[in-house]
Amino acid sequence: MMTLKPFITALLIVLLSACANQAVDKQHYFLPSPGGQPATADKLEAARLLQISDVSLADFLDKSGLVLQLDDITLNQAKNHVWAEDLRQQINRGLQARLNREQQPYTVVGSQTAAALRLSIEIHAFHGRYDGLALTSGQWQLRNQQGKVEQIERFDLQTELKQSGYPALVRALGENLDKLSEQIAGQLQQRHSASR
C-alpha cells in the first residue's frame with residue numbers, strides 16, 4: 001500500500017512557499033488636511049508671528065509604521081501601513097495650516113521665518129488603541145525670542161474611530177490635531193487679550 005505522507009508534505013511545502021512569496025503591498029498615509037479657509041491676517045508684523053520651531057516624537061513613534069497599542073503594555077508597529085513622509089513634518093505642517101484657519105491673533109509660520117513667539121510640541125502618544133480610540137498626548141511650550149518659556153500646556157486627546165482599519169485611524173488622528181489646534185488657538189487668544 002502506497003503512503004500519502006510524502007505527497008501531502010510536498011503539497012504543504014508548495015502552498016507555504018506560495019504564501020511566503022506573495023507580495024503584500026504597502027499602504028502609505030498622509031494626515032488629512034484641515035477643512036475651511038485660512039483666517040486672513042491684517043499684515044505680517046513680526047510681533048504677531050508665531051513660529052512652529054520644533055515637533056519632537058517619542059522614540060516609538062519616530063518610525064515609518066503606524067502604531068497600535070494591543071493591550072495595556074504591548075505596542076505593535078505596522079510593517080505594511082506606513083506614513084508617506086516623516087511624521088514630524090506632517091504634524092508641523094498640519095498644525096501650521098490648522099492654526100492659520102483658527103480665529104486667533106497670530107500668523108503661524110514655519111521654522112525658517114523669525115517670529116516673536118516660538119511654539120514647540122512634544123508628542124508622547126500618536127497611535128491607535130485596542131478599544132477603538134486614537135490617542136494624541138504630550139505638551140506644547142511657548143517661548144519668546146530670547147528662548148524664555150512663557151507658557152507650558154499639556155494635552156491628552158482621544159477620538160473614537162468611526163470604523164475599523166488604518167485609514168479610519170489616520171482620520172481620527174487628524175481629528176486629534178484639529179482639537180489640539182483649537183486648544184492652542186484658545187490659549188493664544190487669551191494671551192493676546194490679556195496683553196492689551
* To do: Using just the alpha carbons, could you tell me how many Å³ per residue the convex hull of region 55-140 encloses?
  => 116
* Exposure proxy ranking, count of Cβ atoms within 10 Å, fewest first, for T113, T107, T74 -> T74, T113, T107
* To do: Report the residues of region 71-93 in range of a label on D54: point 7 Å along Cα→C-beta, backbone N strictly under 19 Å from it.
  => 87-93
* Among L66, H124, P105, whose Cα sits farthest toward the positive end of the charge dipole of region 40-128 (+1 at Cβ of Lys/Arg, -1 at Cβ of Asp/Glu, about the Cα centre)? -> P105
* Taking the Cα centre of region 45-194 as origin, work out the dipole magnitude from +1 charges on Lys and Arg Cβ and -1 charges on Asp and Glu Cβ, in debye rounded to 20. => 400
* Structure fact -> Per principal axis, largest first, the Cα atoms of region 54-97 extend in Å by 33, 21, 15
* Structure fact -> If V67, V108, V149 are placed from fewest to most neighbouring beta carbons inside 10 Å, the sequence is V149, V67, V108
* Structure fact -> Env charge @ P34, Cβ radius under 10 Å, K,R +1 / D,E -1, value 0
* Structure fact -> Most exposed to least, judged by fewest other Cβ atoms within 10 Å, I123, I152, I73, I184 sort to I73, I152, I123, I184
* Asked: Can you list the equivalent-ellipsoid semi-axes of region 85-196, largest first and in whole Å, using the square root of 5 times each Cα gyration tensor eigenvalue?
  -> 27, 14, 13
* To do: In nm, give the distance between the simple-model label positions of N80 and V109, each being 7 Å from the Cα along the Cα-to-Cβ direction.
  => 4.6
* Please figure out what share of the DSSP beta bridges in region 45-194 is antiparallel and state it in percent, rounded to the nearest 5. => 70
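We did not get these values from a lab; they are worked out from the coordinates using the rules stated. In this text, all values refer to a predicted model and were calculated from it rather than measured experimentally. Cβ sites come from the backbone with ideal geometry, for glycine too, and all protein chains shown count toward neighbours.
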